[in-house]
1. Can you give the FRET efficiency to the nearest 0.05 for A204 and N342, using r as the Cβ-Cβ distance and R₀ = 45 Å?
2. Set the Förster distance to 51 Å, then compute FRET efficiency between A287 and V155 from the Cβ-Cβ distance, nearest 0.05.
3. Please report the Cα spread of the range 247-370 along all three principal axes, rounded to whole Å, starting with the longest.
4. If you find the alpha carbon centre of the range 15-64 and of the range 262-331, how far apart are they in angstrom?
5. Taking K and R as +1 and D and E as -1, what net charge do the other residues with C-beta under 13 Å from the C-beta of L70 add up to?
6. Compute the distance in nm between two label points, each set 7 Å from the Cα along the Cα-to-Cβ direction, one at S137 and one at Q237.
7. Taking the Cα-to-Cβ direction at Y197 and at Y211 and moving 7 Å from each Cα, how far apart do the two end points lie in nm?
8. Going by C-beta contacts inside 10 Å, put W129, W31 in order with the fewest on the left.
Amino acid sequence: MFGRSFRIARIGGIDIEVHPSWLLIVVFLAWSLSDGVFPEEYGNWSTAAYWIVGSTAAVLLFVTVLIHELAHALVAIRRGLAVPKITLFIFGGVSHLSRQPRSAGEEFAIAIAGPATSVIIAVVTFVAWLGLRHVESHVAAIAIYLATVNLLLAVFNILPGFPLDGGRVLRSIAWGRTKSFRKATSIAGTVGEVFGYGLMVSGAALLLSGYAINGLWFMLIGWFLTGAARGEKQALQLDSILGQLKARDIMRETYPTVLPSVSVQEVVDRHMIGEGERAAMVARDGAVLGILSVSDVRHLSRDEWANTPVQGIMTPRDKVVTVTAALPALEVLHLLGERRLNQVPVLEEGRMIGLITRRELIERLQLAESLGHDHQDGHPTDGPAPS
Ligand SMILES: [Zn+2]
């Protein structure tokens, strides 16, 4: 939606990523603290002090947001979910769970851990401020700022805007009542979207009434919320189409296979231009040696195509990303996106039995969508949920 996130750290096996928009927001925050909030509150500091305290407070706010996310991750891991990565925005982040929670109770526990942690941080920093306010005014200023913002963070995150924690709490309650994960997600997603638009409209109103910084904040958060709520509903839609399928259900069993000694020119002419294939398997006596894809060919200059055998430029077997036949189709889709692959061979007991191409998968999704296809028999995790 707004570009890719990049990794800044790895904590306990979890990749910590930040979103490009986050950099902009940290700079904006440091500036608004150093040039607005602190000079207004504390009139007698030097300019350098405002900027040092302002920037430190901005960075520490980011650290407390990270602790909030790690709290979600910890509860999730304790309950047996894997958390491969956390993507941070300034007012929270997204802990990427390996699967959806299995029960309303599980979702509730994971969701509530974050705001509860923010409340604890608010209390601790408030106590620090009580002890420091007559001793060290700069540190005390940071402490009371963190206390205030973490309290706001807890309140903000518990608002019923999906996919905020409050949205997840809302979904877990709706899930417990309706006994349907799908219905509950749809309810929470719609509430989140409406809520996001509401924030954007309020932000515009504030902006027009002269509260520029608050207005911009509201609009920014509203914009993020509507986008995130839409994303969550789209994910649900994908899940409803692909949710029941495995890699073996979406692969095709025929694909071009060539000998390693064949020239690149021949593969291009016959299979790529001729049949519109983006890749050919390179094999001898039934054993796969590698894969020759359009991107491999692109790296070779055109006048060498005729006298280069495919084994010279193919991606060798050990570098080819593969999936097992039993892998859920949704995970195949994520893998293709994440690794930027155009195709992935499907293996069963180490033997290649099919090929999944990104183009075909997307065509099928579009087809299913235009037919309004949906697995009405419910989400695999539907069922009686403890609440
Ligand atoms: Zn949270």
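We did not get these values from a lab; they are worked out from the coordinates using the rules stated. Every value quoted in this text rests on a predicted model; they were computed, and no experiment measured them. A quick note on method: Cβ atoms are made from the backbone with ideal geometry, for glycine too, and the neighbour counts reach across all protein chains shown.
1. Given R0 = 45 Å and the Cβ-Cβ separation, E is 0.60.
2. Working: r = 61 Å, r/R0 = 1.19.
For R0 = 51 Å, the calculated efficiency reads 0.25.
3. Principal extents (largest minus smallest coordinate, Cα): 44, 33, 24 Å.
4. So the two Cα centres are separated by 51 Å.
5. After counting each charged neighbour, the total is +1.
6. The two pseudo-label positions are separated by 5.6 nm.
7. 2.2
8. With the fewest neighbours first, W129, W31 line up as W31, W129.
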